[in-house]
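K.L.:
Before anything else, here's the structure in question.
The values are calculated or read from the model by the stated rules, or taken from the named source; none is laboratory data. Everything quoted here is computed from the prediction, not taken from an experiment. Positions of Cβ are backbone-derived with ideal geometry, glycine not excepted, and every protein chain shown enters the neighbour counts. Ligands, DNA and RNA are stripped out before the accessible areas are found, and what is left, the full protein with its side chains, is counted by its heavy atoms. Shrake-Rupley method; radii C 1.70, N 1.55, O 1.52, S 1.80 Å.
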Amino acid sequence: MKQILINCEELQTRVAVVQDGILQDFFMERNIRDTMVGSIYKGRIKNLEPSLQAAFVDIGCGKNAFLHYWDMIPASEETLETSDDDGEGEGDGEISGNDESDDDDNLNPPTRAQNNPNPNQNPIPNQPSQRSSNRRRRRPRKNPQQQGADQQPKVAESSSPLKGLLAKVREIFSPGKKKTAPAAAGVLAPAPRGGQQQRQPQAPRKARSDGDSVAPVGDDDRDRKSDQSRNRHRPSRRPPKTGPAVEDIPNLFKVDQEILVQVTKGPIGTKGARVTTNLSIPGRYLVLLPNSSHIGISKRVEERDERDRLRQMIRGLKLPKNMGLICRTVGAGRKQEHFQRDLDLLLDYWHKGEQIAATHRAPVCVYQEPDLAERALRDCLTEDVDEVVVDSEETYQRATELIKRYNKQDSTRVKFYQNPTPIFHSFGLTQQLDGVFNRKVPLPSGGYLCIDETEALIAIDVNTGKNRSGKDQPETILATNLEAVKEIARQLRLRNLGGIIVLDLIDMRQKKDQQVVFKTFKDLLAEDRARTKIYQLSPLGLLEMTRQREHESMESAIFDNCPYCKGSGLVKSTTSMSVDIQRRLNEILGRRKPGQKLKVAVHPRVADRLNNNDRKLVDGLKQEYSCEISFHSDQSLHIEEFHISDAVSGQNV
């Protein structure tokens, strides 16, 4: 049984997706601030940084938003399809309105129609000329018909060179004869418009007229066949599209210019939000693409007949000019009336935003992404969900209306939870949520994971622990790694971990075991709404991946850094503090006259160390400098803090 549980409180809203009592997805949002990711703002460019190839835009949300030059160029169709399909539509990535990566943490610049900054250059420099030069080096091989035809003129040429030359010239320029001597196999024809080069058609190889058998296949034939196979799989090189390039951005956009942008990644830590000019508004079944004419289908809809049906249906919708649409995965099997109803709602959102943008000065929000409860119903309510349980009467009414609006025949039950026991505690989720924030995560067979979140990356270590389930060591290691990747895929969703993630799996010597673990993990990540990219195991046994990050992790959202250790989780030991205090005393007493009386205030644990374990060392200082030193415990002091003062005057030394 699959359920969606919505817990609405004064300061926060929580949503849990539960499958047979096991927590599968968890989302949380504070009610004290508006939803930024997916919202569209009319902002003002504050400055352009050519060295960073980025602009900083004031959207009225504290720190200026980061706008990369790539995100100021209209996206290509490939980018639009990727942004929808890899993240389950514009809004399925992290229950949000857009699905840009990252970032963040974006490791690679997004694929654009203008991947090459200079449109006059070839997409892949030097390759066409190098390929053509290689072809010119090959000695063209004439086909048998040409060989047979050329044998006769050769005899004439030997008797009369002038006559043979005139015959060849006449053959070349005579009208109606397409086959010419210079256009032999492997020679490129003149390039047509757009810089494309085409190969002249070759006559099929036939048996020689003199009765000899056909020559065996040589290197030229292999090259020809390999060229043909490559051309079948190689995408056609189209002429570069005319449009702005990265170098043109400073000329197209100026400081203090107003611009419409959409937040793709919320503020994380000290970084501001990340925005793009490629706008998208997600609905239940469709994603509206303003200022774009792209029509696409989610790649997760794999059946060709269904894709064709959806594409034909979407093209039949009443869509204004310069508007594009992408059909989301949940739209598979739906009727046209569902799409038209969804489109009307999306167009209404956009027209209201246009009115706000026309009547208000920047910065202003022109489209506000819905709150977590509505986004969860929009993005998580699939056909396999049996019921939705809500503990807020207002949210219950909204949920009922939304489900009816999405599909009047939807059989999903909406329940209003009225028990005084908290809803998450009643469904047994409290203990599961508490375990989400533990560094050590147990596995069913006795192994465990260690998850460490750092500034640069997420490190996950897999250990066998007490697992002895296999008959031998390789089988035990394989079983532990399979359990680990299953739990890791779940933990990534629950903790909302993103960026670079490194898995230190237990070493597997057999390649087949490595492939089994890799394929299993890849299949599990396919269920993740966030975009992921996974790489094969490295020689060190590390599995590297990236995961889209739109918001800060769940740990960062719930916890603050410890004020005592300043977030490091470590403090100096009492031995280290004793060494520091003795070093400071040596420095002070070495500059003063003998007979000094000093008072040292320290943490009780450090005082205990100085008065007991290190008493002989302190007595040695007293004898060496003929002084008196007394240690006093002060519970209010930090363990790494101490104060040395003159016992007579009370002044700090």
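K.L.:
Using 19 Å as the cut-off for backbone N distance, which residues of the range 21-38 belong to the label zone defined by a point 7 Å from the Cα of L11 along Cα→Cβ?
P.N.:
27-35
K.L.:
Among the trypsin sites (Lys or Arg not before Pro) within the range 286-352, which fall in a DSSP loop and have no more than 16 other Cβ atoms within 10 Å of their own Cβ? Don't jump to the answer; show the numbers that get you there.
P.N.:
Working: sites: K299, R300, R304, R307, R309, R311, R315, K318, K321, R328, R334, K335, R341, K352; in loops: K299, R300, K318, K321, R328, R334, K335.
Hits after loop and neighbour filter: K299, R300, K318, K321, K335.
K.L.:
A follow-up question, please. If you roll a 1.4 angstrom probe over the protein chains with everything in place, what fraction of the accessible area of the range 329-415 belongs to carbon and sulfur, to the nearest %? Please report the intermediate quantities before stating the final value.
P.N.:
Values: 2070 of 4400 Å².
Roughly 47 percent of what the probe reaches on the range 329-415 is carbon or sulfur.
K.L.:
Among the chymotrypsin sites (Phe, Trp or Tyr not before Pro) within the range 475-545, which fall in a DSSP loop and have no more than 14 other Cβ atoms within 10 Å of their own Cβ?
P.N.:
Working: sites: F518, F521, Y535; in loops: Y535.
Sparse-neighbourhood loop chymotrypsin sites (Phe, Trp or Tyr not before Pro): Y535.
K.L.:
Turning to a different aspect of this structure: Could you do me a favour and compute the accessible area per residue for the range 263-405, 1.4 Å probe, result in Å²? Don't skip to the end; give the middle numbers.
P.N.:
Values: 6640 Å² over 143 residues.
Each residue of the range 263-405 exposes 46 Å² on average to a 1.4 Å probe.
K.L.:
What number in nm² do you get for the range 382-440 if you take the convex hull of its Cα atoms and divide its surface by four?
P.N.:
Details: hull surface 21.6 nm².
Hull-based average projected area comes out at 5.4 nm².
K.L.:
Something else about it: At most 12 other Cβ atoms within 10 Å and a DSSP loop assignment: could you name the GluC sites (Glu not before Pro) in the range 453-527 that fit? Present the calculation step by step, with values, prior to reporting the outcome.
P.N.:
Values: sites: E453, E455, E475, E483, E487, E527; in loops: E455, E527.
Answer by residue number: E455, E527.
K.L.:
Can you tell me the dipole magnitude for the range 585-650 around its Cα centre, using point charges on the Cβ only (Lys, Arg +1; Asp, Glu -1), in Debye to the nearest 20? Intermediate values should be presented prior to the final figure.
P.N.:
On the way: 10 positive and 10 negative charges, 49 e Å.
The dipole of the range 585-650 has a size of about 240 debye.
K.L.:
I'd like the Karplus ³J(HN,Hα) series for the range 426-439: coefficients 6.51, -1.76, 1.60, θ = phi - 60°, whole numbers in Hz, and an x wherever there's a Gly or Pro.
P.N.:
5, 8, x, 9, 4, 5, 5, 5, 4, x, 5, 9, 7, 5
K.L.:
Taking a 24 Å limit on the Cα-Cα distance, which of the listed pairs K2/K466; K572/K599; K299/K533; K511/K533; K466/K572 fall beyond it?
P.N.:
Details: K2/K466 32 Å; K572/K599 22 Å; K299/K533 16 Å; K511/K533 21 Å; K466/K572 33 Å.
Checking Cα-Cα distances, K2/K466; K466/K572 exceed 24 Å.
K.L.:
For the range 552-610, what % of the accessible area comes from carbon and sulfur atoms, probe 1.4 Å? Let's see the in-between values first.
P.N.:
Details: 1730 of 3550 Å².
That fraction is 49 percent.
K.L.:
Looking only at Cα atoms, what is the convex hull volume of the range 546-653 per residue, in Å³? Intermediate values should be presented prior to the final figure.
P.N.:
Values: hull volume 16.2 nm³, N = 108.
Measuring per residue, one finds 150 Å³ for the Cα hull of the range 546-653.
K.L.:
Past 30 Å, Cα to Cα, is the threshold; run K271/K566; K404/K519; K566/K616; K42/K321; K254/K318; K63/K254 against it and keep the listed order.
P.N.:
K404/K519; K566/K616; K254/K318
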